[in-house]
Every structure is written in structure tokens, then in C-alpha cells.
Amino acid sequence: MIENRIKELTEIINKANYDYYYLNNSSISDQEFDRYMQELIALEAKHPEYIREDSPSRRVGGEVISEFKKITHEMPMLSLGNVFNEKDIKDFDEKVRKEISNPVYVCELKIDGLAVSLLYKDGKFVRGATRGDGVTGEDITHNVKTIKTVPMTLTEKVDIDVRGEIYMSLKSFEFLNEERKKNNEILLANPRNAAAGSIRQLDSKIAAKRDLDCFVYHIPNALDYNIKTHSNALEYMKKLGFNVNSNAEVVSGIDGLLEYVNKWSEKRGSLPYEIDGIVIKVNNIEEQEKLGFTTKHPKWATAYKFPALEVITKLKKIKFTVGRTGQVTPNAILEPVRLMGSVISKATLHNEEYVVSKDIREGDFVKLIKAGDVIPRVVSSIKERREGNEPIFEMTKICPICNHDLEKKDSNYYCTNSLCGARNIEKLIHFVNRDAMNIEGFGDSIIEDFYNMGYLKKFDNFYELKSYKEELQILEGFGEKSINNLLESIEKSKENSLERLIYALGIRFVGNKTAKLIAKRFLTIDNVINASYDDLIQIKDVGDRIASSVIEYFKNQENIELIESLKDKKINMKYLGNINSNSIFENKTFVLTGSLKTITRDEATLFIEENGGNVSNSVSKNTDVLIVGDDPGSKYKKALELEIEIWNEEEFREYL
Ligand code: IVH
């Protein structure tokens, strides 16, 4: 009688759990559920001999183990090879196509959790285990039992080992961290860590509280169940009562693969759990067997990993470097990590203030993002992961290259030794830059080599290199052709307009736009050298900082001598641009929007600037004219609102 009631209650509650968790449909009310559960717990307490293996009471935790038992997987638990971009996916498809004609794939979400093997005998759950090294894992049965979406009894009395992923939903993760915050406990970095931490608990009460979930996605010996395709395996697992993710799709051809990958790359943020990629599997299981395995991974499946927008890595060392202006910068030397498709091992830490305000220390784990998709940036350090012996950051007081004392200006430190080696190399690299003298063929390392071999010390040495042609030609890596090209490019740079030279000199705060304004205003280098602070400050966009810096630069006799030497080498010292001051563009600010059909944006910008105008990125009350191409954006609307003069492409062309 009591045994029957226990069985009945177990079935009612298990069905209610199934309806609730899988079908999203509560078959009984919460109050009824609690009543049944209390009745069951009371009966089980009095009659432990009748407690069933699949009792829902076992899921509230309580089982405590003394250590994790090692288990050996009957069939190894494999992980997948990774692919990172479209090309890698195409390569994977091509390799498959070498063995299989017209393969059909199943694409699935790659759940960001931890892999689990769930073992059933006669339809009853008997063991849950971690992957471990793929052959030997750890027994986590006591914790797996607390996961409501892992069935304790299957709908068929089968012996089966299924593989899946234990994960924590974003909602549960947020709830957990809020609780931890209230209790002044260390916050968990992400749902995967939270799930892994919960599973690695000896006391199952903790896992029970953590509200974990599980999706299953693989039967390692599907053919034994007469299952012919992976999509049938997914259906079968669902029929057995497992939680199977509903977003898997059968696709064929590279287009189908890329479409699925692109769709979920965009939609991943709308899911209630985290995914870190897409898994691609050959659907036909006989074909899977034909493709086989490498030593580590199946050849019939791969995992496309989303580019990380943000990663955590260890900051091994803070290293100081010297730039061309003598500025000494702290840099983070990182344990290499992959971030948005590239491996990052270094990042700038900007200056003392940046490091101090964020309390970044050597040995810290730091969060990295790719700012503007190119420059990796350390955004914060994770204080909770400190060991306690990380040294507080201290800005160096001497130049890391020449040991000269540093001088502080604004928030930055500068090496004041103009002979400092590192500073000179950086200056030389800047001199040849595309926006500066535009000398092609010089990689940073060639300049460094030439500097170290004594061929290049100062800018004027570039123009003496031709006398060492024979010597340079036999240097490793140089042939006659590349030296000729290099020397030709150096000769060509002699004809550059003045603004390139001004920018190439590397005067602090003088960027290429400012250099152009200065060149245009003074026309020759001698006029620039003789310009007073008041003359300089008259130029639109030149303020106190720039004017003072220019004056300071030309006060230095060494710099004047350098310019004289460049003059001797016949480097042009005049402004060669358009100086038509009656131009309609003169002193006006233009904004471009939409796509122009007959001219590129860069060309239009150059034209406007050469005719004395400025080009800005956004419309404001200071804008004089908006030039509108096809499909203009919000700038057009704003210009209308502000009643700003608008030209279409044809009107603009009239002035070209
Ligand atoms: S299939 C032999 N499918 O990603 C095939 N794995 O290295 C076994 N994962 O270790 C894995 N979602 O922990 C598969 N839908 C999915 C997955 C998935 C997440 C994890 C799993 C595996 C790793 C791949």
C-alpha cells in the first residue's frame, strides 16, 4: 500500500517536472506539487526501504560524497576540432567532400557548459560523469541527480550512454551572482564557470540550489540502436525523455552551413543561455564512420567558435617602451589569447594614470576587449582572482633603454635624451610612414637593422643610403631589385609637399592634419621656423599646446641643423598644394553622407582639404555644407533640422 503510494507520487511528480521543464506546460499547480512532494518526503523518511531510484526527492540534494571517484568511459568522450572563420569552415567541408559526395550536415548550437556522460541501465539513470581526459572522468552522479532536466527514468527500458552539456541559464547565473554579492562572496566570471564550480562540489545540496540544466546532443554508438542519422539520434533522445535543444537544423552545402552560422552569430544574444559557437556534424552515421577520427577528434564534426568579444587572460609582466616622441608607455605582456580571430600577447596600458586608476598589477587576470575592432585594450583587472602577492604598479622613473631620467608633462612621462636609441628607431619608422614621407619598402625591422648596423641614425641618413648600395645589396634578404625599389622610393620622397615633411619630423602634437594647416599657412619651412607663437595660434585648430610644441621644436639647434642637412640633400621644403584662397571651400566645414557615385570619400575629402575646407564626421551647428550621396543616413535628417546648406553630388562636382 505505502510502496504503491510512493510509486504513484514519484510518477506524478516526475511527470509534473517533465511537463514543466520540457513542455513548458504546468500540469499541476505549484501548491499541489509542494503537497505531493511533502507527502513523498514524509513517506520516504518513514519507509526508506521503498525509496525508488528515480525518486524526485533525490534531486533536492543532500547526498555528500567524500571524494570524486574516477571512472573509465566505456566509449571515449571526444572533443571537437575548432574552426574560427569562413575559410576554415570551407576547408572542413572540402575535406569531408573528398570522402563523401554531397554530404548533409546537422548544425547545432555549441552550448557553453561542461560535457557530461549520462549512463542508463534498463531505462534507469545509473551514473553521471565528467569528460576528464576523454578516457577517464569523474563520477558526479550525486550532483547530476539534482538537475531537473536529466530524467531519472527513460520512456524505454534501454541501456544507453548519452553525451550532453551541463550549463547554467543566464537568469540563474545572474540570480546566483546577486546572492553572492549580497553575501560579500567572490562573483563568478561566467555561467560556464558557475556550472563547473557547482558540479565539482562534494555536497550535492549546493548543485541543487544552483539550478543547473542539461542538453544532450550525442549517442556515441547510435548504430547499435539502429539509428542511421544524427538527426534521428536527436529525435530518439527526445523520445526517451531527454532535453534536446530545438535549434538544430539539417543543412547541405557550404551556403547552408554559413547561413546557419551567420544567423546564430547574430541571434545568440537572444538565447536564455550562453553559446560559444556552432557544432557542425555529418548527418549520416555510416558516413561518419567512413570519415573516422584523427588521434584527437572526429573528422565528421567540427566546432566553429565565435570570436570572443571579450576575453580574460593573465598579465605576465608590465613592460615599458619608448616611442618616437620619447614618451615612455607601460605595456601589458599577456599570456597569449585568441580574441576576435587573432592571438593577442601585448596591449598598451597607455600611461601611469590608466594603470593606477584601474589598479592593474603584474600577475593579475585582466579583461581584454578589441576596441574599434583593431587595438586590443585591457579594460579591467579581476581583483577576486588575485593571489595576494601581486605588486602594486609603479611607473618607472628612468628610461628603460638609456636609463636617462624621465620628465613628466601632463599625464605622460618622456625620456629627454634625444640620443636615446629606442626613441630614434621609432622616429625613423615614423619618418617613412605613409602619411609622412611615404617611403615604401621599409618594414619596422629593416629600419631597426639599418639603425643597429649604423646606416641610419638621423633622417638625413635615408638620403645617403644610395652610397651604400653595394653593401646593402648583399645583406641577407635584400636583392638588387628590392634595394633599387627602396632607393627609388627614397628619391621620390624628395619631391613631397612641405606638409609631409612637417609631419615626418615628429613634432609633438603635430598630426598630419595640423601639418597640412601649418604648411598651407606658411608655405616654406623657413617661414615655419621663423613663425612666432602668435602667428601659429592664428591657424584654425592650432591651440596653445600645438603652437608651444612647434616653437620648442625649432628652438632646438639640433633640429635646425637636421633641416639644413635635408635641404642640402635637395628635399623639397615648399608647400605644393592648392593655395587658392578664393575657393568656395576656404574655411568651411563639410560633412559627407551616403555613397557618392563618381568619387570616393577619400578623394572628396582630399579635394575639399586642398581647397582650404575641413571635413568633419558629424553634423552640428558648425557644419557649413552637407554633401549628400545615395541612401543618406541620419546626418541628412539632422542637417535638415538644423537648416544647413545641402549639396547633392552633381552640385559638388561643379566645383571639382
Ligand atoms: S558534440 C563526438 N555537440 O563542445 C562529438 N558538443 O569540443 C562530441 N558542446 O566537448 C561533442 N555543445 O563539451 C557536441 N551541440 C554540441 C555541443 C558540444 C557543446 C561541447 C562539448 C564538447 C565541446 C567540443
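The values are calculated or read from the model by the stated rules, or taken from the named source; none is laboratory data. This is a predicted model, so every value here is computed, not measured. Note: ideal-geometry Cβ built from the backbone for every residue, glycine included; neighbour counts use all protein chains shown.
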Next item on the list: Quick one: Pro76 ticks every box in (1) within 16 Å of the ligand (Cβ to nearest atom); (2) touching a strand residue (DSSP E or B) at 6+ places or on another chain (Cβ under 9 Å); (3) modelled with pLDDT under 95 except a single one, so which number is it?
Entry: (2)
Check: Given the residues Arg163, Arg192, Arg210, Arg200, which is the only one that is in contact with a helix residue (DSSP H, G or I) (Cβ under 8 Å, 6 or more places away or on another chain) and either crowded, with 21+ Cβ neighbours inside 10 Å or touching a residue at least 24 places away in the same chain (Cβ under 8 Å) (or both)?
Finding: Arg210
Item checked: Failed item in (1) in contact (Cβ under 8 Å) with a residue 60 or more places away in the chain; (2) surrounded by fewer than 16 Cβ atoms within 10 Å (Cβ to Cβ); (3) within 37 Å of the chain's Cα centre (by Cα); (4) not in a loop (DSSP other than H, G, I, E, B), with Ser445 passing the rest -> (1)
Note to self: What's the total number of residues in the stretch 1-16 that are surrounded by fewer than 14 Cβ atoms within 10 Å (Cβ to Cβ) and under 48 Å from the mean Cα position of the chain (by Cα)?
What the structure shows: 1
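Quick grid of which residues meet (1) within 14 Å of the ligand (Cβ to nearest atom); (2) modelled with pLDDT of 95 or more:
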| residue | (1), (2) |
| --- | --- |
| Gln201 | no, no |
| Ala222 | yes, yes |
| Ser231 | yes, yes |
| Met237 | yes, yes |
| Asn243 | yes, yes |
| Glu259 | no, yes |
Next item on the list: Take Pro376 and decide whether it is within 28 Å of the chain's Cα centre (by Cα) and either of a type outside the set (Phe, Trp, Tyr) or buried (at least 19 other Cβ atoms within 10 Å of the Cβ) (or both).
Entry: yes
Next item on the list: Among the numbered conditions (1) under 29 Å from Ile502 (Cα atoms); (2) part of a strand (DSSP E or B); (3) among the charged types (D, E, K, R), tell me where Lys427 comes up short.
Entry: (2)
Notebook entry, point to check: Could we say that Tyr503 is surrounded by fewer than 14 Cβ atoms within 10 Å (Cβ to Cβ) and either within 22 Å of Asp444 (Cβ to Cβ) or over 42 Å from the mean Cα position of the chain (by Cα) (or both) here?
Noted result: no
Checklist line | Residues (within 16 Å of the ligand (Cβ to nearest atom) and in contact with a Phe, Trp or Tyr (Cβ under 8 Å, 6 or more places away or on another chain)) located in the stretch 131-167 | finding: Glu138, Ile140, Val144, Thr149, Val150, Ile160, Asp161, Val162, Arg163, Gly164, Glu165, Tyr167
Check: What are the pairs, 6+ residues apart or on separate chains, where a residue within the stretch 605-622 that is more than 8 Å from Glu586 (Cα to Cα) has its Cβ under 6 Å from a residue that is among the polar types (S, T, N, Q)?
Finding: Glu610/Asn578; Asn614/Thr589; Val615/Thr605; Ser616/Thr589; Asn622/Thr589
Note to self: Considering only the stretch 100-111, I want to know if a residue exists there that is outside any loop (DSSP other than H, G, I, E, B) and surrounded by fewer than 17 Cβ atoms within 10 Å (Cβ to Cβ).
What the structure shows: no
Checklist line | When residues of the stretch 464-481 are limited to those that are exposed (fewer than 14 other Cβ atoms within 10 Å of the Cβ) and either more than 22 Å from Ser493 (Cα to Cα) or touching a Gly at 6+ places or on another chain (Cβ under 7 Å) (or both), the one modelled with the highest pLDDT | finding: Glu471
Check: Can you name every residue in the stretch 262-309 that is in a loop (DSSP other than H, G, I, E, B) and within 9 Å of the ligand (Cβ to nearest atom)?
Finding: His297, Trp300
Margin query: Here are the criteria: (1) within 16 Å of the ligand (Cβ to nearest atom); (2) among the charged types (D, E, K, R); (3) not in a helix (DSSP H, G or I). Tell me which single one Glu67 does not satisfy.
Written below: (1)
Next item on the list: Confirm whether Glu99 is more than 27 Å from Glu286 (Cβ to Cβ) and either among the basic types (Lys, Arg) or over 32 Å from the mean Cα position of the chain (by Cα) (or both).
Entry: no
Next item on the list: Having 1 or more residues that are not hydrophobic (A, V, I, L, M, F, W, C) is the bar; report the strands (runs of 3 or more DSSP E) wholly within the stretch 561-632 that clear it.
Entry: 589-593, 614-616
Note to self: When you scan the stretch 410-421, do you find a residue that is of a type in the set (Asp, Glu), at pLDDT below 95 and in contact with a Phe, Trp or Tyr (Cβ under 9 Å, 6 or more places away or on another chain), even just one?
What the structure shows: no
Next item on the list: Determine whether the stretch 544-567 contains at least one residue that is under 37 Å from the mean Cα position of the chain (by Cα) and farther than 20 Å from Leu498 by Cα.
Entry: yes
